[in-house]
Structure formats: structure tokens, C-alpha cells
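J.: Could you have a look at this structure, given as C-alpha cells, before my questions?
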Amino acid sequence: MDDYFFPSPLLEIDYYDEKTLPCSKTINTKLNDLSYHPKKVQKTKPHKKIKETDAIFEQVHSVNGMADINPKEIRISIDAKARMNIGNFSRGGRNRVLTKAEDHDLDVKEKLTPFGFYLPEHDDFFLFFTAGYASSDFIVDRLEEIWPEIQEKYGVDILTINADNGMENSSSRTQFIKRLVEFAEKSNIKIKLAYYPPYHSKYNPIERVWGAYENHISGDIMDTVETTLKFAKSMTYNGKAPIVKLTEKIYETGVKVGKKAMKTYYQFVDRMPSLEKWFLTISPGCSG
């Protein structure tokens with residue numbers, strides 16, 4: 001018998017006494033065999049705020065509300081997920097079918113980055129996967145790819161983008177702003193950027209789509225690229241299935257535009273006073 005005992009209600013059962021009570025290691029082993037694993041104590045993390053948080057939320061709600069009632073305007077929520085390991089690796093979750101996976105993922109040979117576009121007022125969504133990273137050029141290229149379909153379907157000429165000021169789609173990322181200015185000119189549209197406050201990206205509407213996607217693939221093995229795409233195509237959100245595509249081009253990340261060159265593009269960018277980082281409007285007119 002071990003020196004320490006498991007403080008167990010088993011002692012309350014007539015069958016057991018202190019001499020016949022199994023040691024804590026035996027009990028733990030039996031519980032593990034029955035899939036009763038210890039759970040971490042979840043700590044409630046305080047919500048971080050910056051001084052502008054409330055003002056940002058108020059303005060986001062205003063911008064989104066105006067976009068949703070304007071028949072000539074469409075709102076798109078954008079975001080990338082963390083890169084996925086492709087292979088016979090466990091992703092956690094549960095499955096009613098016995099599924100075996102490798103016990104480690106040290107030999108990952110393939111990864112995919114998921115990136116999504118979600119139209120909150122229409123529940124249309126597009127999921128793109130790339131073996132590289134979702135760079136500024138990747139994001140705008142995919143936006144240009146889906147825009148003709150959106151414009152034809154809804155007849156809009158104003159685009160409002162909800163985002164979370166991530167590294168490659170930040171309002172201070174020069175390549176991202178440059179590409180959006182060029183996109184606005186080429187498509188003859190006005191683009192509004194409305195970012196959610198720091199530490200509050202969960203309010204970005206596409207996060208609900210990502211939640212549905214995670215539930216859909218929970219417990220399954222994404223062992224190949226083809227399997228990953230198949231699972232993405234078979235998911236639904238609010239009764240709709242996504243358009244899913246694999247982008248084979250690998251993009252360079254961290255591309256920057258010099259200050260002198262950006263002066264030309266900034267002529268067509270109007271930033272909201274006091275909330276310059278979170279709200280800006282890009283108007284067509286760049287001559288290239």
C-alpha cells in the first residue's frame with residue numbers, strides 16, 4: 001500500500017475499508033482506462049482593454065449597421081486560422097468511430113493555412129487553403145477572385161471589411177493598403193475597413209464560422225490535403241455550405257512599400273480622427 005491514499009467515497013461503501021481500498025495509483029489507472037482523464041482547472045482570464053476599446057466597438061456597430069441596411073453595400077468578415085498539420089495526427093475531439101493517430105507530430109511534412117471570407121448578412125462564405133501563409137497579397141488576390149461573383153449576385157459597389165488587425169491585414173501594413181487601393185481602383189468600388197479592438201477578435205463574425213468548422217472536423221484525421229478539402233466542403237453554417245478552394249501559389253510574407261511610394265496610395269485613404277488605426281475608407285481614383 002502506498003504511503004498516500006486516495007481520499008475516496010469508496011470508504012463509504014461497506015465493501016471497502018482502509019486495508020482493502022486500492023491505492024491512488026491503481027484508482028488513477030482504472031479511471032484512465034475508462035477514459036476519465038483529469039481536466040485542467042480553467043481560469044477566467046480578465047478581458048484586456050485599451051482606452052479606445054469602447055469607442056471602437058461603438059463605431060464598429062455603427063459602420064456595420066449602416067453597411068447592412070445599404071442595398072449597394074456588402075460586409076465581409078475576414079480571418080485566418082492557425083496552420084494545420086496534415087497527416088495522421090490527432091487533433092483532439094471525439095469520434096464515434098475508433099480512430100487511431102500518431103502519438104506525436106514531430107514529423108509533419110505538410111501544413112495548410114485556412115483563410116475565410118464570410119458575409120454575415122447572407123451567410124455566404126468562402127474557405128481558402130494554402131500551404132504557405134495568408135500574406136497581404138494572398139488576402140487581396142483571394143478577395144479579387146471572389147469579388148465578381150459577389151458583385152454580380154448582390155449588385156454592390158461599396159465593400160466593408162471586418163477584421164482583427166492581424167499582422168498581414170493590419171491597417172498599418174503598407175502592402176495590404178497598397179493592394180486594396182489598387183483593388184478599389186480596378187473594381188471602381190469604395191472600401192471601408194472596420195477593425196475590432198485588440199483582445200476582442202472573437203467578436204469578428206467569421207469566428208462563428210470557424211467554430212462550426214472546428215466542430216465539424218473534431219475527432220477526425222486530416223491525413224491528406226484532399227481529405228482536408230473534402231471535410232471543409234461538407235460542413236455547413238446556418239444551412240449553407242462554403243465554396244472551398246486550394247491556392248497552390250506560395251506568397252512571400254512581410255512585403256513592405258517604401259514611405260515615398262506610399263504617399264501616392266495614401267491620397268486615397270481617409271482615416272477616422274482619433275481612431276485612425278481601426279477605421280479607414282479607401283476611394284477609387286488611383287491612376288496606378
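The values are calculated or read from the model by the stated rules, or taken from the named source; none is laboratory data. Everything numeric here is computed off the predicted structure, so don't read it as measured data. Methodologically, a virtual Cβ is constructed for each residue, glycine included, from the backbone with ideal geometry; neighbour enumeration extends over all protein chains shown.
J.: For residues that are of a type in the set (Ser, Thr, Tyr) and either buried (at least 21 other Cβ atoms within 10 Å of the Cβ) or more than 28 Å from Lys51 (Cα to Cα) (or both), tally how many sit in region 145-202. Reasoning before the result, please.
T.: Let us first name the residues in region 145-202 that are of a type in the set (Ser, Thr, Tyr), namely 154, 160, 170-172, 174, 187, 195-196, 199, 201.
Restricting the remaining residues to those that are either buried (at least 21 other Cβ atoms within 10 Å of the Cβ) or more than 28 Å from Lys51 (Cα to Cα) (or both) gives 154, 160, 187, 195-196.
Matching residues across region 145-202 total 5.
J.: Looking only at region 208-265, count how many residues are part of a helix (DSSP H, G or I), among the aromatic types (Phe, Trp, Tyr) and either surrounded by fewer than 12 Cβ atoms within 10 Å (Cβ to Cβ) or touching a helix residue (DSSP H, G or I) at 6+ places or on another chain (Cβ under 8 Å) (or both).
T.: Number of matching residues: 3.
J.: Something else now. Check Arg94 against each of (1) loosely packed, with under 11 Cβ neighbours inside 10 Å; (2) assigned by TED's automatic domain parsing to the domain that holds Trp210; (3) modelled with pLDDT of 60 or more and name the one condition it does not meet.
T.: In the conditions (1) loosely packed, with under 11 Cβ neighbours inside 10 Å; (2) assigned by TED's automatic domain parsing to the domain that holds Trp210; (3) modelled with pLDDT of 60 or more, Arg94 misses (3) alone.
J.: Right, next: Quick one: which of Val255, Val244 is of a type in the set (A, V, I, L, M, F, W, C), assigned by TED's automatic domain parsing to the domain that holds Gln59, farther than 25 Å from Glu73 by Cβ and in contact with an Asp or Glu (Cβ under 8 Å, 6 or more places away or on another chain)?
T.: None of the other options fit; the residue is Val255.
For (1) touching a helix residue (DSSP H, G or I) at 6+ places or on another chain (Cβ under 8 Å); (2) closer than 22 Å to Gly219 by Cα; (3) at pLDDT 95 or above, each residue gets a yes or a no:
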site	(1), (2), (3)
Leu98	no, yes, no
Phe128	yes, yes, yes
Thr160	yes, no, yes
Phe176	yes, no, yes
Leu180	yes, no, yes
